[in-house]
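To start, the structure itself, in structure tokens.
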Amino acid sequence: KLNKEYIGLNLSPLSLKEIYGYFDNDTIQRMVSLIQNIYLKFNKDILLIPHVFSKTESDDDYRFLKKIKEMISPKFSSHIHMIEEDIGFLGTKNKIKQCEIVISARMHCCVNAICENVPAIFLSYSDKSKGMCKYIYNTERYAINLKSSDFEKSLMETIELFLNDKDKISLYLEERNNMITSEYQNNLIDIKEILNGYDK
């Protein structure tokens, strides 16, 4: 069993662009402060997870998170880690498994965590992530609105809830994943029956 060492965190330049229309050093500094505040409040090492590697800077999680890491105060730097290269889908999944919880602006990073029964908090800037959050958890409560004026307060409260209840949430996700797999298989059967009907 892998040691659960981290709070996993994915931030993307795309999310900030959606909110502010741009991102600069001031907006990056806000994210630096957020990360440092998470560490200070929960005293857990943080793993920065670039989910998208892109040649386009405004869509490249890696360069964005690298900038953030470089701006972290030296007194926190030994507690802020990062996936430093593109280790592929399976490599990233193995890193996610080492996280107690994952917080992500990229919906698919959240989905990857959930598939591994790792509690995931959605950083929401679109209805897409809200819909996925509701599908998984039956509530939009764990999709934290990045545009909200009390975003950091809501996020901190949700992190605390998830860390306190992580085992219970992991068990719920295991059951939910089994249900989704069953629904998927039943849908495949229905689709095959429909297609067979067309063939006749």
Taking only region 131-158 into account, find how many residues are open to solvent by 90 Å² or more (accessible area, probe 1.4 Å) and out of contact with any helix residue (DSSP H, G or I) (no Cβ under 6 Å at 6 or more places or on another chain). 7
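For region 107-157, give me each residue that is among the basic types (Lys, Arg) and touching a Ser or Thr at 6+ places or on another chain (Cβ under 9 Å). Spell out the reasoning first.
Filtering region 107-157 for residues among the basic types (Lys, Arg) gives 128, 130, 134, 141, 147, 153.
Selection gives Lys130, Arg141, Lys147.
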Residue ID - most open to solvent (accessible area, probe 1.4 Å), chosen from residues in region 159-200 that are at pLDDT 95 or above and hydroxyl-bearing (Ser, Thr, Tyr): Tyr172
When the residues of region 85-97 are filtered to those that are touching a residue at least 24 places away in the same chain (Cβ under 8 Å) and open to solvent by 50 Å² or more (accessible area, probe 1.4 Å), which remaining residue is nearest to Glu116 (Cα to Cα)? Lys97
Filtering region 30-53 for residues that are part of a helix (DSSP H, G or I), open to solvent by 50 Å² or more (accessible area, probe 1.4 Å) and either at pLDDT 95 or above or over 30 Å from Asn164 (Cβ atoms) (or both) leaves a count of 3
Find all pairs meeting these conditions: Cβ atoms under 6 angstrom apart; at least six residues apart or on different chains; first residue within region 108-123 and in contact (Cβ under 8 Å) with a residue 60 or more places away in the chain and within 9 Å of Ser170 (Cα to Cα); second residue open to solvent by 10 Å² or more (accessible area, probe 1.4 Å) and among the charged types (D, E, K, R). Asn117/Glu174
Which residues, counting only those in region 69-111, are at pLDDT 95 or above, within 9 Å of the chain's Cα centre (by Cα) and either farther than 24 Å from Gln29 by Cα or of a type in the set (Gly, Ala, Ser) (or both)? Ser104
List pairs: first in region 65-84 and open to solvent by 50 Å² or more (accessible area, probe 1.4 Å), second assigned to a helix (DSSP H, G or I), Cβ under 6 Å, 6+ apart or cross-chain? Lys67/Ile28; Met71/Val32; His79/Tyr39
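The values are calculated or read from the model by the stated rules, or taken from the named source; none is laboratory data. These figures come from a predicted structure and were not determined experimentally. FYI the Cβ positions are ideal-geometry reconstructions off the backbone, even for glycines, and counts take in every protein chain you see. SASA here: full protein model, heavy atoms, side chains in, ligands and nucleic acids out. Shrake-Rupley method; radii C 1.70, N 1.55, O 1.52, S 1.80 Å.
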